[in-house]
1. Scanning for something surrounded by 11 or more Cβ atoms within 10 Å (Cβ to Cβ), free of Cβ contacts under 8 Å to residues at least 24 places away in the same chain and among the hydroxyl-bearing types (Ser, Thr, Tyr), does segment 11-23 turn up at least one residue?
2. Name the one entry in 94, 76, 47 that is at positive phi and not basic (Lys, Arg).
3. Give segment 38-48 a look and list any residue that's at pLDDT 95 or above and either assigned to a strand (DSSP E or B) or within 15 Å of residue 76 (Cβ to Cβ) (or both), or say none.
4. Assuming residue 69 fulfils every condition listed in (1) assigned to a loop (DSSP other than H, G, I, E, B); (2) closer than 19 Å to residue 14 by Cβ apart from one, which condition is it?
5. How about segment 20-37: which of its residues are in a loop (DSSP other than H, G, I, E, B) and at negative phi?
6. Which number in (1) farther than 17 Å from residue 78 by Cα; (2) in contact with a strand residue (DSSP E or B) (Cβ under 9 Å, 6 or more places away or on another chain); (3) not in a strand (DSSP E or B) marks the one condition that residue 55 misses?
7. Which of the residues that make up segment 82-123 are hydrophobic (A, V, I, L, M, F, W, C), surrounded by fewer than 11 Cβ atoms within 10 Å (Cβ to Cβ) and either at pLDDT 50 or above or touching a helix residue (DSSP H, G or I) at 6+ places or on another chain (Cβ under 9 Å) (or both)?
8. How many residues, within segment 1-31, are among the polar types (S, T, N, Q) and farther than 20 Å from residue 81 by Cβ?
Amino acid sequence: MDPGMTESQVRTELGAPHAAVDTGKGTQRWVYSMQPFGQEVWWIEFDADGRIVRCEEVLDRAHMALIKPGVSTEKDVWNLFGKCAQEYTFSLIDQTAWMYRHLVRPGLWWVNGVLRVVEQRAH
């Protein structure tokens, strides 16, 4: 995706976004998750005229830190990262975990129903 491309060009190329978020800065952010088989999540930001002003790969520690334990909701996580690689349900404790494959360095990110973030490192 190149700066200046229109929303319709992006939608034709990538399909519908997993989330569309008003940034509150006069721009809109579309979230595209490459999960479950890819290891990236992209934010594509459009200006008021519907043209790309920025693309950013966001599946990293800095962006995971935007999740606030006990405050962020399931919708907040979806609006940040879109579709996960795999979802787990823990019925006995009434929680759900979403696993995102992480590209920057080997490991798995987990976000559970109370939105605690735990990193599980590859051995």
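The values are calculated or read from the model by the stated rules, or taken from the named source; none is laboratory data. Bear in mind that the values here come from a model prediction, so they are computed numbers and not experimental data. Please note: Cβ atoms are built from the backbone with ideal geometry, for glycine as well, and neighbour counts cover all protein chains shown.
1. Yes, the conditions are met somewhere in segment 11-23.
2. One residue alone meets the criteria, 94.
3. 42, 43, 44, 45, 46
4. It fails just one condition, (2).
5. 23, 25, 27, 34, 35, 36, 37
6. Of everything listed in (1) farther than 17 Å from residue 78 by Cα; (2) in contact with a strand residue (DSSP E or B) (Cβ under 9 Å, 6 or more places away or on another chain); (3) not in a strand (DSSP E or B), residue 55 misses just condition (3).
7. Of everything in segment 82-123, those that are hydrophobic (A, V, I, L, M, F, W, C), surrounded by fewer than 11 Cβ atoms within 10 Å (Cβ to Cβ) and either at pLDDT 50 or above or touching a helix residue (DSSP H, G or I) at 6+ places or on another chain (Cβ under 9 Å) (or both) turn out to be 92, 93.
8. At the first step, the residues of segment 1-31 found to be among the polar types (S, T, N, Q) are 6, 8-9, 12, 23, 27-28.
The next check asks that each one be farther than 20 Å from residue 81 by Cβ; those that pass are 6, 8-9, 12.
Residues flagged as among the polar types (S, T, N, Q) and farther than 20 Å from residue 81 by Cβ within segment 1-31 amount to 4.
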